[in-house]
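The values are calculated or read from the model by the stated rules, or taken from the named source; none is laboratory data. Please read all numbers here as calculations on a predicted model, not as lab measurements. Heads up, the Cβs are rebuilt from the backbone with ideal geometry, glycines too, and the neighbour counts pull from every protein chain shown.
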Amino acid sequence: MKFDGLSAGYRRALWAVIAINASMFAVELGAGALSGSMALAADSLDFLADSLTYGLSLWVIGRPIAWRARAAVFKGLSLAAMGVGVLAATVWQSFVLGVPEAFVMSGVGFLALAANVASVLILFRWRDGDANVRSVWLCSRNDAIGNVAVVGAGGAVWLTASGWPDVIVAAAMAGLFLRSAVAILRQAFAELRSDGSGAVPAAGE
């Protein structure tokens, strides 16, 4: 039977990563505006989305599988929407290309990477489970991968004096969001089919 999140340790882990992600959303949003970096802006939105979806994950723990699977569907669709939004913003940025501040990108990218590595280590023992649990792990893993890319983009911007590395990384992150969204949605719909209820039970049932 797949782990469904019913663990005091898992709940504490989720509260910890919610605090980490909410803090880094504020930091990266400001840094992205200051530096003009689309990659940082994209990553800040990822932190915000993770904070909200981790809260949703906490709320559905212990509820019937239909609730948990539908929560995962919502998270998958939200991740897909974010990926499309980042991709659209990246296309726009490519036509009004400016050179972001490389040192701010790399410095904040290192800070975000440290935050995400901490989240990944906190959640590592719970990386497998139902769609709700699995979606939490995939979001955290994506964050760590994205921050490695942002740090690399900052170095490439400095070396080339061009904004294109920032645009390329933002587009790659959008693709990663979309790929993870597909994986989450596939598992969530499979769980809904296997449950067979088709309807969300009333509270208390």
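What do you reckon, is ALA115 part of a helix (DSSP H, G or I), modelled with pLDDT of 85 or more, under 25 Å from GLY36 (Cα atoms) and of a type outside the set (Lys, Arg)?
yes
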I need a count of the residues in segment 105-154 that are more than 15 Å from the chain's Cα centre (by Cα) and of a type in the set (Ser, Thr, Tyr).
1
Among residues of segment 152-202, those that are at pLDDT below 75, closer than 20 Å to VAL133 by Cα and of a type in the set (Asp, Glu), counted
1
List pairs: first in segment 180-195 and under 22 Å from ALA144 (Cα atoms) and in a helix (DSSP H, G or I), second at pLDDT below 85 and among the polar types (S, T, N, Q), Cβ under 6 Å, 6+ apart or cross-chain?
SER180/ASN142; ILE184/SER135
Within segment 21-33, restricting attention to residues that are among the aliphatic types (A, V, I, L, M) and either more than 18 Å from the chain's Cα centre (by Cα) or surrounded by 21 or more Cβ atoms within 10 Å (Cβ to Cβ) (or both), which residue is nearest to ALA188 (Cα to Cα)?
MET24
Checking the condition surrounded by fewer than 16 Cβ atoms within 10 Å (Cβ to Cβ) and at pLDDT 85 or above, which residue from GLY85, GLY9, GLY98, GLY62 passes?
GLY9
Within segment 119-132, considering residues that are of a type in the set (A, V, I, L, M, F, W, C), under 17 Å from ILE18 (Cβ atoms) and touching a helix residue (DSSP H, G or I) at 6+ places or on another chain (Cβ under 6 Å), the one modelled with the highest pLDDT:
ILE122
Run down VAL136, VAL148 and say which single residue is surrounded by fewer than 21 Cβ atoms within 10 Å (Cβ to Cβ) and over 16 Å from LEU87 (Cα atoms).
VAL148
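Just to be sure, is ALA115 more than 30 Å from TRP67 (Cβ to Cβ), touching a residue at least 40 places away in the same chain (Cβ under 8 Å) and either buried (at least 18 other Cβ atoms within 10 Å of the Cβ) or not charged (D, E, K, R) (or both)?
Considered against the rule, which asks whether it is more than 30 Å from TRP67 (Cβ to Cβ), touching a residue at least 40 places away in the same chain (Cβ under 8 Å) and either buried (at least 18 other Cβ atoms within 10 Å of the Cβ) or not charged (D, E, K, R) (or both), ALA115 comes out as no.
Does LEU48 fit the bill of being within 12 Å of the chain's Cα centre (by Cα) and at pLDDT below 80?
no
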Per the list (1) surrounded by fewer than 18 Cβ atoms within 10 Å (Cβ to Cβ); (2) under 30 Å from ALA161 (Cβ atoms); (3) among the hydroxyl-bearing types (Ser, Thr, Tyr), residue check on SER44 breaks on (1)
